[in-house]
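J.: Pasting in a structure now, in structure tokens, and then I'll have a few things to ask.
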Amino acid sequence: MEVSGVLAPMSEQGRPMQVGYAGQPLRRLALSAIALGIFAFWAFYYGYCLFPGLGGVMNSGDTAKFQTLAHTQILVHGPGYPLMLMLGALLRSLDLPVEPWRAMTFMMAAIPGSIANAMAFLIVQRVTRSILFGIAGSLLLGSAGLMAVQSTEAEVYPLALAFILLTTLLLVHFVETSQRRYFIAACAVYALSFGNHLMMIMMVPLFLILTLVHWRILLRPKVIASVLLVIAVGASQYLYLAYIAYHPATAFSEYMPLPPTPTELIQYISGSYFGGLYGAGLRSTYTSETLLVTLRSAHPWVSLPLIIAGLILFAAGWRRRDASWTGVALVFGVALSFLPFMIWYGAYDIQAFHLPVLGPLLVGAVGACGWWLCRWKVAQTTTALVLIVLGGWRAFIMAEGLTAREPVFTGLPHTVASLVAQAPTENPLVSMTYNLRMATLYHELQGELPSARYRVPWRVETALADGEPVAGIVVPTDGEQLLRWIEHHHPDLKCQAWSLDQQDTTPWPAYGFECDRMPERDTKGGDGP
């Protein structure tokens, strides 16, 4: 059998394999060069549109905490993100002449986002045999609302999507060629991805299905041994997390005491303190409605109809399915793998988790449209050009919005120092919201803040038990609530609060407070309670 004048190789199952650009060295080299150019374009784009400071618009507390890794060794929230800890260690060793927050944001968000967009190009080109459609897929993914925001803020999900799409690309190559090396490579990338986010476990059923379908070539000793080896290497990342947890130079841990017991470390990695959120998304339609908003707002008036059209064309192509159709099915299968997690997990910031569904859906939809039109080259080229124009225009609009963002925590060291100076005691307890606390952590560990016991509200109880005076500062407006909480848990304390002087430009009020111990009551005189 010949394909485009080239003798088609036979698979290990005796079937002729589809030959595309991957079997032609010059075209493969050209595709690699285009993919590299696409990566460079998005790296420049996201770098130019980077959020201008600590935090971000999605979750400023988490992003500020990850940015702290660029200058100080800390532990973030579970499951621990050992890959991010390694990235932080790399940046600290490089000692780059840029602000730590900027370096960390670019390395953990902009670079992975650019890699994901390059993988989108390669996947769509592979299933459509069209470079133009590949470029359209990259543009539509890279300029999607959620993708553009998260690739310019210090978030872990652009890296998760990069792992997902690279794994998908390798699996697409595997189902087309039946070459075991692609499956083993996909397993290796997949195993490494667990060092970034344990949400990746949702793809396990897909790997099991592929193994069952291709059991004749996969259930062999060498393949099994190779897969077990890469799994062991991926799991070893958590040994580095344990090393950091017991290292004396680790300066901060939010949810786990340092050094932890083995049980505490296991609970930290499993994220057990988030257990109340497990399954909470099923109690209402909020999570599914939010996911629909994400899909609709990725490209207003375009993304949701495009996804629906891609799914319809994919289903309609069942009868003339080929290797490319199977590749599209695989991409949609990846999106479907993560869908239950999006609906099941009940976090308040659930939209931040949506990239693993949004990304494959957009890539799969563009791929399905391009595959359906491959019989009509003029229509395929025209459609690709239209999608490129839409993606380019959306990138321009997003750039305007992204560069218009203002820093969230401007002048924070000076503002906090002026508050601590008004505290009623030395080493005061400073209770503040989570987002503000993570921003102060960044400056505190750089030695830019005065000495104080900075805490989030739910960590105040620990601070009250350390023997220090019960006095300090409450930021921003939960002063009365905090004082009533203290009095409720410590009936021997009576608290009072007063407003602190601040600049007019400070966006949140602050209160000083002091709690005095009440004299013990003499119950011998018959006084009532």
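The values are calculated or read from the model by the stated rules, or taken from the named source; none is laboratory data. No experiment lies behind these values; they were computed from the predicted model shown. Methodologically, a virtual Cβ is constructed for each residue, glycine included, from the backbone with ideal geometry; neighbour enumeration extends over all protein chains shown. All accessible areas refer to the heavy atoms of the entire protein, side chains included, with ligands and DNA or RNA removed. Shrake-Rupley method; radii C 1.70, N 1.55, O 1.52, S 1.80 Å.
J.: Which one is nearest to Trp393 (Cα to Cα) among residues in the stretch 339-354 that are open to solvent by 30 Å² or more (accessible area, probe 1.4 Å) and assigned to a helix (DSSP H, G or I)?
T.: Across the stretch 339-354, the extreme among qualifying residues is Gln351.
J.: What is the one condition in (1) surrounded by 14 or more Cβ atoms within 10 Å (Cβ to Cβ); (2) of a type outside the set (Gly, Ala, Ser); (3) not in a loop (DSSP other than H, G, I, E, B) that Ile224 does not satisfy?
T.: (1)
J.: May I pose another question? Looking at (1) open to solvent by 30 Å² or more (accessible area, probe 1.4 Å); (2) within 13 Å of Ile74 (Cα to Cα); (3) of a type outside the set (Phe, Trp, Tyr), find the lone condition where Arg216 falls short.
T.: Arg216 satisfies all of (1) open to solvent by 30 Å² or more (accessible area, probe 1.4 Å); (2) within 13 Å of Ile74 (Cα to Cα); (3) of a type outside the set (Phe, Trp, Tyr) except (2).
J.: Further, regarding this structure: For the stretch 475-529: of the residues being at pLDDT 85 or above and among the hydroxyl-bearing types (Ser, Thr, Tyr), which is nearest to the chain's Cα centre (by Cα)?
T.: Among residues in the stretch 475-529 that are at pLDDT 85 or above and among the hydroxyl-bearing types (Ser, Thr, Tyr), the one nearest to the chain's Cα centre (by Cα) is Tyr511.
J.: Can you tell me which residue within the stretch 470-500, out of those that are out of contact with any helix residue (DSSP H, G or I) (no Cβ under 7 Å at 6 or more places or on another chain) and of a type in the set (Asp, Glu), is farthest from Thr440 (Cα to Cα)?
T.: Filtering the stretch 470-500 for residues that are out of contact with any helix residue (DSSP H, G or I) (no Cβ under 7 Å at 6 or more places or on another chain) and of a type in the set (Asp, Glu), the one farthest from Thr440 (Cα to Cα) comes out as Asp492.
J.: What residue, of Leu313, Leu373, Leu387, Leu336, is aliphatic (A, V, I, L, M), within 27 Å of Tyr286 (Cβ to Cβ) and in a helix (DSSP H, G or I)?
T.: Numbers: Leu313 fails: within 27 Å of Tyr286 (Cβ to Cβ); Leu373 fails: within 27 Å of Tyr286 (Cβ to Cβ); Leu387 fails: within 27 Å of Tyr286 (Cβ to Cβ).
Leu336 is the lone residue from the list that is aliphatic (A, V, I, L, M), within 27 Å of Tyr286 (Cβ to Cβ) and in a helix (DSSP H, G or I).
J.: Also: For the stretch 137-188, which positions are outside any helix (DSSP H, G or I) and touching a helix residue (DSSP H, G or I) at 6+ places or on another chain (Cβ under 7 Å)? Full working, then the answer.
T.: Initially, the stretch 137-188 is screened for residues outside any helix (DSSP H, G or I), giving 143-144, 151-156, 178-179.
Of everything in the stretch 137-188, those that are outside any helix (DSSP H, G or I) and touching a helix residue (DSSP H, G or I) at 6+ places or on another chain (Cβ under 7 Å) turn out to be Ser143, Ala144, Ser151, Thr152, Glu153, Ala154, Glu155, Val156, Ser178.
J.: I would also like to ask the following. What's the number of the only condition in (1) within 24 Å of Val124 (Cβ to Cβ); (2) touching a His at 6+ places or on another chain (Cβ under 9 Å); (3) free of Cβ contacts under 8 Å to residues at least 60 places away in the same chain that Val386 fails to meet?
T.: Unmet condition: (2).
J.: Report every pair of residues separated by at least 6 positions or lying on different chains whose Cβ atoms are under 8 Å apart, first residue within the stretch 216-231 and over 17 Å from Phe194 (Cα atoms), second surrounded by fewer than 18 Cβ atoms within 10 Å (Cβ to Cβ) and acidic (Asp, Glu).
T.: From residues that are over 17 Å from Phe194 (Cα atoms), the pairs are Arg216/Glu12; Ile217/Glu12.
Condition check ((1) over 30 Å from Met342 (Cβ atoms); (2) touching a strand residue (DSSP E or B) at 6+ places or on another chain (Cβ under 6 Å); (3) not β-branched (Val, Ile, Thr)) across all residues:
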{"position": "Leu361", "(1), (2), (3)": "no, no, yes"}
{"position": "Gly364", "(1), (2), (3)": "no, no, yes"}
{"position": "Ala379", "(1), (2), (3)": "yes, no, yes"}
{"position": "Pro424", "(1), (2), (3)": "yes, yes, yes"}
{"position": "Leu429", "(1), (2), (3)": "yes, yes, yes"}
{"position": "Met438", "(1), (2), (3)": "no, no, yes"}
{"position": "His443", "(1), (2), (3)": "yes, no, yes"}
{"position": "Arg455", "(1), (2), (3)": "yes, yes, yes"}
